[in-house]
Amino acid sequence: MKNLFLKLSILCLPSFIFAHGVSESDKVEMVQGGLSDFFILGAKHMITGYDHILFLIGVIFFLSRLADIAKFITAFTIGHSITLIFATFYEINANYYLIDAVIAFSVIYKGFENLDGFNKWLSINVPNKVFMVFIFGLIHGFGLSTRLQQIDLGHHQLVYKILSFNAGVEIGQITALVIAFPILLLLRKKLSNISIVTNWMLIIAGSFLLVFQLNGYYSAKAITDKLEIQHLHETHLEKNTEDDTQHHEEEHQHNHNDNDNDDHHHNH
């Protein structure tokens, strides 16, 4: 079982680490894109959004009744739709590395919850599951918004572009669930310890994503700080050069005046 767990982790984690984003080609194409293009982009972004898919797998892992699945997925959908639509429309933004780090934490949280970690290791009751899915839905939606805001949306049909993207996200989400749910049902029937393996994989994958996003944040911050220091240094050099030039000009003018005065006294 340990070997199976290790092999599955090695196979899956590289794909999870390189989480989704908006490619440069998408940014260029979407400038002139229609509503259908935003719909397709939303669906593609959700289907390739490994962090979102991992979280959804954790949400539905122990669910078997469609009514329960609908309840949890509705809570997640309402949450991410709220922040996706309003944050994008009002241009509320944040560092996407940090937002994606919180999304990675949501994957860890779900795996921990599914392993009954709150009772086993923390000796506390599990927080309301539907409410926590809604809260994490808000975070996931904000992450989607930060990605969408990387595109020059303009003001023409802005609301319709956002709604089209959101609709695409919902279709992508449904597609992922339609694929994942039967597989989970089959695995739960065939493998007795699949719940332990899968949810530990969620924790490990979420941890790798968390480290990856935090490393991206601090690396980008270090580059930004370095550029700012370089800019300040260049500005300081330019100012010193200007001061030196001005000083030399003043000194030259002063010497010129002294020479004129000497000539005047000599002639006198």
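The values are calculated or read from the model by the stated rules, or taken from the named source; none is laboratory data. Values in this document were obtained by computation on a predicted structure and should not be read as measured data. Glycine gets a Cβ as well: all are built from the backbone with ideal geometry, and neighbour counts include every protein chain shown.
Scan the stretch 110-138 for residues that are without any contact (Cβ under 8 Å) to a residue 60 or more places away in the chain and either part of a helix (DSSP H, G or I) or in contact with a Leu (Cβ under 6 Å, 6 or more places away or on another chain) (or both) and the total you get is 12. Within the stretch 110-125, the set of residues being within 20 Å of LYS71 (Cβ to Cβ) and loosely packed, with under 14 Cβ neighbours inside 10 Å comprises ASN125 only. Does PHE118 satisfy the condition of being at pLDDT 95 or above, in contact with a Pro (Cβ under 8 Å, 6 or more places away or on another chain) and closer than 23 Å to SER207 by Cα? In short, yes. For the stretch 158-188, a residue qualifies if it is without any contact (Cβ under 8 Å) to a residue 12 or more places away in the chain, out of contact with any helix residue (DSSP H, G or I) (no Cβ under 8 Å at 6 or more places or on another chain) and farther than 16 Å from THR74 by Cα, and the qualifying residues are ILE179, PRO182, ILE183, LEU186.
Tell me whether the stretch 181-198 contains one or more residues that are assigned to a helix (DSSP H, G or I) and under 20 Å from ASP26 (Cα atoms). Even if it seems obvious, please write down each step before you answer.
To start, the set of residues in the stretch 181-198 that are assigned to a helix (DSSP H, G or I) comprises 181-190, 194-198.
Add one more test, that the residue is under 20 Å from ASP26 (Cα atoms), and what stays is none.
Among the residues of the stretch 181-198, not one is assigned to a helix (DSSP H, G or I) and under 20 Å from ASP26 (Cα atoms), which makes the answer no.
Filtered by the rule that a residue be of a type outside the set (A, V, I, L, M, F, W, C) and either in a helix (DSSP H, G or I) or over 16 Å from the mean Cα position of the chain (by Cα) (or both), the stretch 90-99 gives TYR90, TYR96, TYR97.
Residue-by-condition table, conditions (1) among the aromatic types (Phe, Trp, Tyr); (2) surrounded by fewer than 18 Cβ atoms within 10 Å (Cβ to Cβ); (3) not in a helix (DSSP H, G or I):
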residue	(1), (2), (3)
LYS27	no, yes, no
ASP37	no, yes, no
LEU56	no, no, no
PHE72	yes, no, no
PHE76	yes, no, no
THR88	no, no, no
ALA101	no, no, no
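For the stretch 44-66, a residue qualifies if it is of a type in the set (Gly, Ala, Ser) and modelled with pLDDT of 95 or more, and exactly one does: GLY58. Residues that are in contact with a Lys or Arg (Cβ under 9 Å, 6 or more places away or on another chain) and under 19 Å from ASP68 (Cα atoms): does the stretch 194-211 have at least one? Yes: one or more hits. GLN150 - would you say it is in a helix (DSSP H, G or I) and of a type outside the set (A, V, I, L, M)? The answer is no for GLN150. Among residues that are more than 15 Å from SER81 (Cβ to Cβ), surrounded by fewer than 16 Cβ atoms within 10 Å (Cβ to Cβ) and not hydroxyl-bearing (Ser, Thr, Tyr), VAL178 is included.
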